[in-house]
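Presented below is the structure to which this report refers.
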Amino acid sequence: MSHTVGVVLSGCGFLDGAEIHESVCTLLALDNAGATIKCYAPDIEFDVVDHHTGEATGERRNALVESARIARGEIENVGNARTGALDAVFMPGGFGAARVLSTFATEGAECSVHADVARLLMGMHAAKKPIGAICIAPAVVARVLGSGHPKLTIGNDAGTAHALEAMGCSHEECPVTGFVVDHEHRIVTTPAYMLGPSIAHVQQGIQKTVDAVLGMI
């Protein structure tokens, strides 16, 4: 039986959107498992960063339009995502998770989360459907579901771990090739490029995370 899994993207490129390696590794692992994939992104604008120089360009782009590059056009506004139509949901990382899906990059533990993303996460959690979060994306989960004190990982960065704990979560250190499972809250997280150092290492952690999430369905 094929499972339907949502993947929430936040643009295209790790400095201002979804991390491309993490997104593709997630999509590939889900496809290899036979899952039906539904990609989503917010229909909002964001400030662009030049990925060659690392400098802001002064330009603004649309997260849904940019995410469509990764999804090969097969994508919807995250406002259209329905908990009842999904068996699980994933959020790859990249700074888009902290700048587009939320304001974590600028406000830390006091951040807000895009309303439609928050609604989707709360709906999945209430329905006891599993959530996978990669790299910095666990910070989004922490802001939305932190009151339930879930166990998450972002690797071993002390400052980010402290911010997750300030939002009510329990942080567990984890290597890039590993993952952390919160069975009670049905959340699986992996550090990916919070640690690196390469796509080969990141892929191992993401594959295990996908396997763990699908195993919860």
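Of the trypsin sites (Lys or Arg not before Pro) found in region 40-133, those in coil by DSSP whose Cβ has at most 14 other Cβ atoms within 10 Å are 72, 82, 128.
Fully extending the segment from residue 112 to residue 156, taken as 0.36 nm per residue of separation minus the present Cα-Cα distance, adds 13.5 nm. Between the C-alpha center of region 148-168 and that of region 191-217 there is a gap of 18 Å. Note on residue 151: lysines with a C-alpha under 21 Å away, same-chain residues under 8 apart excluded, are 128, 129, 208. For region 16-140, the Kirkwood hydrodynamic radius comes to 14.9 Å, computed from all pairs of different C-alpha atoms.
Taking a straight line from the alpha carbon of residue 38, these aspartates and glutamates sit under 15 Å away, with near neighbours fewer than eight places off in the same chain left out: 74, 76, 87. Judged by the mean number of other Cβ atoms found within 10 Å, the most tightly packed of the peptides 26-36, 205-215 leads the ranking 205-215, 26-36.
Cβ crowding within 10 Å, taken as a proxy for footprinting-reagent exposure, orders 198, 23 from fewest neighbours to most as 198, 23.
Calculation over all alpha carbon pairs of the chain in 10 angstrom steps from 0 returns a P(r) of 9, 39, 40, 10, 0 percent.
Calculated translational diffusion coefficient of region 68-180 (10 °C, 1.306 mPa s; Stokes-Einstein with Kirkwood radius over alpha-carbon pairs) equals 111 µm²/s.
Rule-based calculations on the coordinates, nothing more; no lab input. These numbers come from a predicted model, not from an experiment. Note that we place each Cβ from the backbone using ideal geometry, even for glycine, and neighbour counts take in every protein chain shown.
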